[in-house]
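These notes are about the structure you will find just below.
The values are calculated or read from the model by the stated rules, or taken from the named source; none is laboratory data. Predicted model only: the values in this text are computed from it and were never measured. Glycine gets a Cβ as well: all are built from the backbone with ideal geometry, and neighbour counts include every protein chain shown. Accessible surface is based on the protein model in full, side chains and every heavy atom, while ligands, DNA and RNA are left aside. Shrake-Rupley method; radii C 1.70, N 1.55, O 1.52, S 1.80 Å.
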Amino acid sequence: MNPILVACLRVLAGLGLMLLNGVVLIYMLRKVLGHLHVRLGPMNVGWHGTVQTVADVLKLLTKEDPTPRAVDKALYFLAPAVVFIPSLAAYAALPFSKTWAMADLATGLLFTFGIMSLVPLGILMAGWSSANKWSLLGGMRAVGQQIAYEVPLLLSALPVVLMVGSLNLNDIVAAQDKLWFFIPQFPALLLFVVASLVELNQTPFDMSEAESELVAGFSSEYASMKFGLLFLSEFSNLFIMAGLTVTLFFGGWSLPFIPAQIQAGFAPIVFVAKTYLVIFFFMWIRGTFPRVRVDQLQQLGWKVLLPANLAWLLVTGVAVKLVEAVAR
Amino acid sequence: MSPTVALIPFAILGLLTLGCAAMMLFSRNVVHAAFWMLASMVSTAGLYLLLSAEFLALVQLLVYAGAVAVLVLFVVMLTLRRRADAVRPIDFSLPALALAVSFAALACFMVLSLVPAYPDSLPSVAPGVTELGLELFSTWVLPFELASLILLVALVGAVWWSGGVKRS
């Protein structure tokens, strides 16, 4: 086939996955949070409220889209796109199976982190251009925490990279055929999950849109599909971070004890199922923990996570060298 | 990727980089200027990518676009009392001109004197991350550590400066 056509199809597949993921996750979030709060969640539209999200999407698409008069027009319209595009591009390196990935990059892990680091930019753009104090505060909080926690996030992925010796996500999965990394790298997993919760602006770290203080944070002045884009990219970032957690620590698309030929047939399904399990875990945290304060957040990042990460990196480095020496 | 760089994308990205840089200088709104700088950084990353320097491109994205530019924006927004303060007149006075010219001269001098001559032949395959890492931590380990030490000193200094120590 024409390589340009293939590239277009891959991007379209990524877009489709992103949209579908958004629809599924909205329903999942409402149901999971509902049951955690001992209520039912959506029940009326369709069986157990399954079609509720479709109704919501239609509502979002057909809503009036007012633009406040004082906004900084160019930035206000650009911001949803700047938030949306990186989170679409971040799908490119995720390996759904040995061959199913939008692009097999030698620096896949770094690519995902690099692209994701552009998301705060759009959030800052949205917060500032909205000409609203709450929006600006929300944007500032989001960016402050996301920049601060990029360092612990990258550092907590590094021990895995040290063990594998490659930044390619497929190599990382292949290295886990005997032992999933969450066993030897359990501290790294804990640090990674905490840092990624902060990166995702998830409760207990969702100060950026804290409804009780900031209306809806940086997205306060957005309506209709512009809000939809912001929302969608948030869910898609959740999928990407969960996918990365699975790839780094839970063997990616592989399963233990099952021959490789049999696994190859349903590897993408395994990957997505694992990812949704991790997302369920994230939602569980979201439903049970209270929100932390802004200053507590920064204390945690710089005084706990960073030293812990560096210490664990040191331990892993020494261990890897020792194992190499013994093997020789 | 072939050693000859595709000219059209390179020209587009190059013009984009320069155009964004120029817009940064000419935009009167400081927040817009910061965003133009960011756009210029992102298109520089695109240039690196075209030159098969994948790692450099990603680091450019992660560090310059993702952190430095965002930090600049952050500081600009934090220090603005009112939104209207973001719009500033462009300073055409003589001292400003002198400062700009001397900086430009310094930059030109450093580029011309410090950057080694362009090699006649390029390797057929661009070095990957592994080669880069080995080179960085064997041949260049001393300059690398020195640079990190300087950054550490700057960091400690910044913390002290911002009032971490109680001055009695």
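Solvent-accessible area lost on pairing B with A (1.4 Å probe, both sides summed) amounts to about 2200 Å².
Annotation: Cα Rg of the stretch A:64-131 relative to the compact-globule expectation 2.2 N^0.38 Å equals 1.44. Toward the positive end of the charge dipole of the protein assembly as shown, with +1 on the Cβ of Lys and Arg and -1 on the Cβ of Asp and Glu, the farthest Cα among A:ILE4, A:LEU167, A:LEU20 is that of A:LEU20. Relative to the compact-globule estimate of 2.2 N^0.38 Å, the Cα radius of gyration of the stretch A:72-220 comes out at 1.18.
Here's the list of aspartates and glutamates a cross-link from A:LYS178 could span, going by alpha-carbon distance under 20 Å and ignoring same-chain residues fewer than 8 apart: A:GLU324.
Think of a 1.4 Å ball rolled over the protein heavy atoms: chain A then has 46 Å² of accessible area per residue. In the elastic network of chain A, a GNM with C-alpha springs shorter than 10 Å, the most mobile of A:PHE282, A:PHE266, A:PHE218 is A:PHE266. In the protein assembly as shown, helical runs assigned H by DSSP with n ≥ 4 each contribute -39500 (n - 2.57); averaged across all residues and rounded to the nearest 500, the mean residue ellipticity at 222 nm is -22000 deg cm²/dmol. Considering the stretch A:190-328 at the alpha-carbon level, its Rg and Dmax are found to be 19.1, 62 Å. Taking 0.692 mPa s as the viscosity and 37 °C as the temperature, the Stokes-Einstein diffusion coefficient of chain B based on its alpha-carbon Kirkwood radius rounds to 168 µm²/s.
Which aspartates and glutamates does A:LYS133 reach when only Cα atoms under 16 Å apart count, and residues fewer than 8 places away in its own chain are ignored? Of all the aspartates and glutamates, those that pass the test against A:LYS133 - Cα under 16 Å, at least 8 places apart if same chain - are A:ASP72, A:GLU209, A:GLU211, A:GLU213, A:GLU221, B:ASP85. For chain B, modelled as a GNM whose springs connect Cα atoms under 10 angstrom apart, the maximal fluctuation among B:LEU78, B:LEU58, B:LEU155 occurs at B:LEU155. Across the stretch A:124-204, Cα pairs under 8 Å and at least six residues apart give a relative contact order of 31 percent. Residues in the stretch A:64-73 carry Karplus couplings, in order, of 5, 10, x, 10, x, 5, 7, 5, 7, 3 Hz; the curve used is 6.51 cos²θ - 1.76 cosθ + 1.60 with θ = phi - 60°, and Gly or Pro positions show x.
Computed over the alpha-carbon pairs of the stretch B:90-168, the distance histogram in 10 Å steps reads 13, 17, 29, 26, 13, 2, 0 percent, short to long. Relative to the globular-protein estimate of 2.2 N^0.38 Å, the Cα radius of gyration of chain A stands at 1.03.
Modelled spin labels at B:ASP85 and A:VAL294, positioned 7 Å past Cα toward Cβ, are 1.6 nm from each other.
Remark: mean inter-chain Cβ contacts per residue of B:29-40 equal 2, using a 10 Å Cβ-Cβ cutoff to other protein chain atoms. Couplings for the stretch A:225-239, taken from phi via the Karplus curve 6.51 cos²θ - 1.76 cosθ + 1.60 with θ = phi - 60°, read 6, 5, 5, x, 5, 4, 5, 4, 5, 4, 5, 5, 4, 4, 4 Hz in order; Gly and Pro are left as x. A simple spin-label model places pseudo-atoms 7 Å from Cα toward Cβ; at B:ALA11 and A:SER224 they are separated by 4.0 nm. The residues of the stretch B:1-115 have, on average, 64 Å² of accessible surface per residue, using a 1.4 Å probe with all protein chains present. Computed over neighbours whose Cβ is under 12 Å from that of A:MET283, the net charge equals +3, Lys and Arg +1, Asp and Glu -1.
Here the accessible area is traced with a 1.4 Å probe on the protein chains. For the protein assembly as shown, carbon and sulfur cover 75 percent of it.
Here the Karplus curve 6.51 cos²θ - 1.76 cosθ + 1.60, taken at θ = phi - 60°, turns the phi angles of the stretch B:9-24 into couplings of x, 5, 5, 4, 5, x, 5, 4, 4, 5, x, 5, 5, 5, 4, 4 Hz, with x standing for Gly and Pro.
For the stretch B:1-115, a crude dipole built from +1 on the beta carbon of Lys and Arg and -1 on the beta carbon of Asp and Glu, taken about the Cα centre, is about 420 debye to the nearest 20. Across all directions, the average projected area of the convex hull around the alpha carbons of the stretch A:1-47 is 4.4 nm².
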